Amino acid sequence: MQSFSAFSVQSLFFALISLRLAEISFCHEGFCSAPSILNAQPLYWKVTQPTLSPSHLQDLPGFTRSVYKRDHALITPESHVFSPLPDWTNTLGAYLITPSMGSHFVMYLAKVQENSKSGPPPSDVERFLFVLGGKVTLTDTSGLKHKLEVDSYAYLPPNAEHSVQSDASATLVIFERRYDYLENHTTEQIISSTNKQPLLETPGEVFELRKLLPTSLPYDFNIHIMDFQPGEFLNVKEVHYNQHGLLLLEGQGIYRLGDSWYPIQAGDTIWMAPFVPQWYAALGKTKSRYLLYKDVNRNPL
Ligand code: UGY
Ligand code: MN
């Protein structure tokens, strides 16, 4: 028994030595890299095993999928630039869509931190905020406090005093627009969450649709939540007067904007100017969900 185990240890030792020698002699041929016991991956493995995954390409110096054109923009996460949000405390913001692009609204991400507090929007500006991560407390005009968790949202009419506070980090996406007043109409504060909104009819289309704001006349924009299963796409190749700000919340697919076709994934933002041809097809293995700003209820003249 003893001689057998001595033999096994000896043969294992020789096997290892010969493997190592084989490795070295292979390396002498000039094709192999350093022995794999030192490196997890052979040298230059990315050349021979390229991946087309966009997240992998984010490692490439100078590479971004972001695009900025006259009638549309794609802003992807590796391009986000955060700086302190004016009038807010302990909050960093990244403006993704602003009127300098041609939009009549702003869309920005706000990363609130411990002991943060929002600043008010400019006068006559309405605000819509949606929680993407963490929790915040909204204090409304009447002083009532509302806990907002992921997937909940609030609409604040123009000049409605309010504040958003947090004692931990959270991320919001916010839309603001100078309210387009209509005689004898006013909007009201709305606080709710996506899952409380009913699914709506989408004649001629297959995606699932929820609207987060009332469709009545006073509201000059709405926020749609649209869900597509992989393989589903817009039937209408849309060209319309309305503008859009889009945040892909889940999934991946191909967005057509004008004559360009973009692979997109969760975290991407899109600006669509009036009349830009637009179309989406959901791909991958999980559902796509996007949040979409759309101006409504006003005569374009
Ligand atoms: O309602 C819309 O305009 C929406 N279907 N557009 C879009 O998804 N690009
Ligand atoms: Mn549209």
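What follows draws every value from the coordinates through simple rules; no lab data is involved. As the structure is a computational prediction, the values presented were derived from the model and not from experiment. With ideal geometry, Cβ positions are generated from the backbone for all residues, glycine too; neighbour counts draw on all protein chains shown.
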What is the order of Glu183, Glu232, Glu126, Glu205, fewest Cβ neighbours within 10 Å to most? Glu183, Glu205, Glu232, Glu126
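For a footprinting-style exposure proxy, rank Thr194, Thr91, Thr76, Thr186 by other Cβ within 10 Å, fewest first.
On the way: Thr194 17, Thr91 23, Thr76 20, Thr186 10.
With the sparsest Cβ surroundings first, the list reads Thr186, Thr194, Thr76, Thr91.
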Sorted from largest to smallest, which semi-axis lengths in Å does the alpha carbon gyration tensor of the stretch 132-262 give for its equivalent ellipsoid, taking the root of 5 times each eigenvalue? 29, 20, 14
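Normalised by the residues of the stretch 88-159, what does the relative contact order come to in percent, with Cα pairs under 8 Å and at least six apart?
Values: 111 pairs, mean separation 19.5, N = 72.
Normalised by residue count, the contact order of the stretch 88-159 is 27 percent.
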Nonlocal amide H pairs with Asp268, under 5 Å, H built at 1.01 Å: Leu248
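Could you work out the relative contact order of the stretch 225-301? I mean the mean sequence separation of Cα pairs under 8 Å and 6+ apart, divided by the number of residues, in percent.
Working: 187 pairs, mean separation 35.7, N = 77.
With pairs under 8 Å counted, the relative contact order is 46 percent.
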Long-range amide H partners of Ser66 with built H, under 5 Å: Thr76
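Can you classify the stretch 103-143 as rounded, prolate or oblate using the Cα gyration tensor, where a ≥ b ≥ c are the square roots of its eigenvalues, rounded means a/c under 1.5, and otherwise it's prolate if a/b beats b/c and oblate if not? Let's see the in-between values first.
Working: a/c = 1.96, a/b = 1.23, b/c = 1.59.
Because a/c hits 1.5 or more and a/b fails to exceed b/c, the stretch 103-143 counts as oblate.
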Taking N as the residue count of the stretch 64-190, its alpha carbon Rg divided by 2.2 N^0.38 Å gives 1.09
Over the stretch 164-301, relative contact order from alpha-carbon pairs under 8 Å, at least 6 apart, %: 26
Please turn the phi angles of the stretch 228-243 into ³J(HN,Hα) values with the Karplus equation 6.51 cos²θ - 1.76 cosθ + 1.60 (θ = phi - 60°), one per residue in order, whole Hz, x for glycine and proline. 10, 7, x, x, 7, 8, 5, 6, 7, 8, 5, 9, 8, 6, 6, 9
Fewest to most Cβ atoms within 10 Å: Arg298, Arg127, Arg178 sort as Arg298, Arg178, Arg127
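First obtain the Kirkwood hydrodynamic radius of the stretch 175-227 from its Cα pairs, then insert it into the Stokes-Einstein equation at 37 °C and 0.692 mPa s, and state the resulting D in µm² per second as a whole number. Let's see the in-between values first.
Numbers: Rh = 12.8 Å.
Using the Kirkwood radius from Cα pairs, D works out to 257 µm²/s.
For the stretch 185-276, what Kirkwood radius comes out of the mean inverse Cα-Cα distance, in Å?
Details: mean 1/r = 0.0666 Å⁻¹.
By the Kirkwood definition, the hydrodynamic radius is 15.0 Å.
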What list of ³J(HN,Hα) couplings, whole Hz, do you get for the stretch 104-120 from phi and the Karplus terms 6.51, -1.76, 1.60, once you set θ to phi - 60° and write x for glycine and proline? 9, 9, 10, 10, 9, 9, 10, 9, 7, 10, 3, 6, 8, 8, 6, x, x
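First select every other residue whose beta carbon is under 14 angstrom from the beta carbon of Thr194; then total the charges, Lys and Arg +1, Asp and Glu -1. Intermediate results must be reported in sequence, preceding the final value.
On the way: positive: Lys196, Arg210, Lys211, Lys287, Arg289; negative: Glu149, Asp151, Glu208, Asp227, Glu250.
Local net charge: 0.
In the structure displayed, which of Lys111/Lys285; Lys135/Lys211; Lys145/Lys287; Lys211/Lys287; Lys147/Lys285 lie more than 25 Å apart, Cα to Cα?
Working: Lys111/Lys285 29 Å; Lys135/Lys211 22 Å; Lys145/Lys287 34 Å; Lys211/Lys287 18 Å; Lys147/Lys285 33 Å.
Those over the limit are Lys111/Lys285; Lys145/Lys287; Lys147/Lys285.
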Under 5 Å from the placed amide H of Val276, counting only residues 5+ away or on other chains, we find His240
